Amino acid sequence: MQNRHFFRNRRASDGGQAAIAVGLAMSLSFTLALGQPGPPARPNAGQACHAVSRQACEVAHALGRGVNLGNALDAPREGDWGLRLEPALLDRATRHFQTVRLPVRWSNHASPDAQARLDETFARRVDAVIDRLLAGGGFVILDMHHYKQLTGGPRHPNEFAVDPAVVEARLVNLWRQIAARYRDRSPRLLFELLNEPQGEAGGAGGSALGGARWNRLAARALAAVRETNPERVVLIGPDDWNHPRGLTRLRLPSDRHLIVAIHSYDPFDFTHQGVPWRQPVLPLGRPCCDAAQRQTLREALDTATAWSRTAGVPLHLGEFGAYREAPMESRAAYARMVREEAEARGIGWAWWEFASDFSPVWDAGKGGWVEPIRRALGVETPR
Ligand code: BGC
């Protein structure tokens, strides 16, 4: 596995009791409700939907329990980071999770100029993965991941250079092509405009990708999507790595088919202990989860639900996970804690990640579950 993490840096965090309904019944009710007239959708516990369509509200509700197929199509090239999305792996994910978030590094498979013409061979590969996932019957979140030339910081090995003058136009043009390509796919396919805009000063493009710059760019990318997909549900997340802290700066475009994506790696010194891409490396052996650690998480999620109630836009927790070097018992406790706190607020979630090396729930080498994580996430294994 390559040293992709060496340039990765996530800023450390300084930082209602209605269980989310999960299961087939929810997807079914979504399928039936979609596009049909009826009473307004019931907002999730602690959130509000007054600014979005019934469809967006229903989808947020139905996303339920999910997983990220991370470190495969978001590597500079599929396989560079040790994981390929073989059909059996895709089927395994859809059999056990209602939602699969699919991170894709489109930016490295398109021309480096402003047009960002998609590499057709790669796009066909993504088509095949998406279609296999959709055939599983759940939701698929197609996420624009690791556009490093835009979000800043040094590029990963095997990632080509892009003129900073065209990084934003490329994002818009990538979405124009991707959206046109998938315009006829099921409404269970959702788009997520950009993973973790980071707001780092000095990033590529000359300024931090946060605040007003991100708000303007997200609006342009969404407009490109809307040329061909007027009603597809789209996820947009705040700056500051999608941490709920960034919500105060998020100004959503005027659009009724949105869900807001948040990520949570609180407590950060637990979840990122030992990761080689954060300097200085955080010490190993830190346990989870005591009352203070739970409180840190609660405050972040409460910030998010308070924002949702004001803005009228529902939420999705698109990533959480704890690095494999952390003690296993604590990782399982962490997984359970975040799941419980998210579900108590009616927030659907996706674990980072399914079968790679950050925090897998499926051991691809052995072909079996990482049992403590599976149980903590409440993933059932029907015979
Ligand atoms: C990144 C991964 C990283 C994970 C945890 C994700 O957004 O894409 O490379 O392992 O966050 O930090």
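Starting from the amide H of Glu192, placed 1.01 Å from N in the peptide plane, find each other amide H under 5 Å away whose residue is 5 or more places distant or on another chain.
Those lying under 5 Å, H to H, from Glu192 are Leu142, Asp143, Met144, Leu235.
Just how far, in whole angstrom, is region 117-185 from region 52-116 if you go by their alpha carbon centroids?
If you average the Cα positions of each part, the centres end up 10 Å apart.
About the Cα centre of the chain, how large is the charge dipole given +1 on each Lys and Arg Cβ and -1 on each Asp and Glu Cβ? Please answer in debye to the nearest 20.
That gives the chain a dipole magnitude of about 440 debye.
Say the dipole of the chain comes from +1 at the beta carbon of Lys and Arg and -1 at that of Asp and Glu; which of Val126, Phe139, Pro103 then lies farthest toward its positive end?
Sorting the options by dipole projection puts first Phe139.
Placing +1 on the Cβ of each Lys and Arg and -1 on the Cβ of each Asp and Glu in region 17-377, which of Val167, Phe268, Ala311 has its Cα farthest towards the positive end of the resulting dipole?
Checked the options; the winner is Ala311.
Return an integer: the convex hull volume of the alpha-carbon atoms of region 230-308, in Å³ per residue.
117 Å³
Based only on other Cβ atoms within 10 Å, what is the fewest-to-most ordering of Met328, Met337?
So the ranking, lowest neighbour count to highest, is Met328, Met337.
Compute log10 of I(q)/I(0) for region 17-377 with the Debye formula, placing one identical point scatterer on every Cα and leaving out solvent, at q = 0.07, 0.08 Å⁻¹, to two decimals.
-0.26, -0.35
Can you pull out the trypsin sites (Lys or Arg not before Pro) in region 43-143 whose DSSP state is coil and whose Cβ has at most 16 other Cβ atoms within 10 Å?
Passing both the DSSP loop test and the Cβ count: Arg77, Arg84, Arg117.
List the residues, sorted by chain then number, that are 5 or more residues from Arg101 or on another chain and whose placed amide H is less than 5 Å from its amide H.
Amide H to amide H, under 5 Å and 5 or more residues apart or across chains, Arg101 pairs with Val67, Asn68, Leu69, Ile141.
Taking the beta-carbon count within 10 Å as an exposure proxy, list Ser254, Ser356 from fewest neighbours to most.
In increasing order of surrounding Cβ atoms, one gets Ser254, Ser356.
Can you compute the helix-only [θ] at 222 nm over the chain? Use -39500 (n - 2.57) per DSSP H run of at least 4 residues, normalise by all residues, nearest 500 deg cm²/dmol.
-10500 deg cm²/dmol
Report, for the chain, the % of DSSP beta bridges that are antiparallel, rounded to 5.
So the antiparallel bridges amount to about 10 percent of the total.
For region 17-377, calculate the relative contact order in percent as a whole number, restricting contacts to Cα pairs under 8 Å that are 6 or more residues apart.
The value is 21 percent.
Report the gain in length on full extension from Glu120 to Ala88: 0.36 nm times residue separation, minus Cα-Cα distance, nm rounded to one decimal.
9.1 nm
A short reminder: the numbers here are calculations on the coordinates, not readings from a lab. Just so we're clear, the structure is a prediction, and the values are computed from it rather than from any experiment. For neighbour counting, all protein chains shown are included, and Cβ atoms are generated from backbone atoms with ideal geometry for every residue, glycine included.
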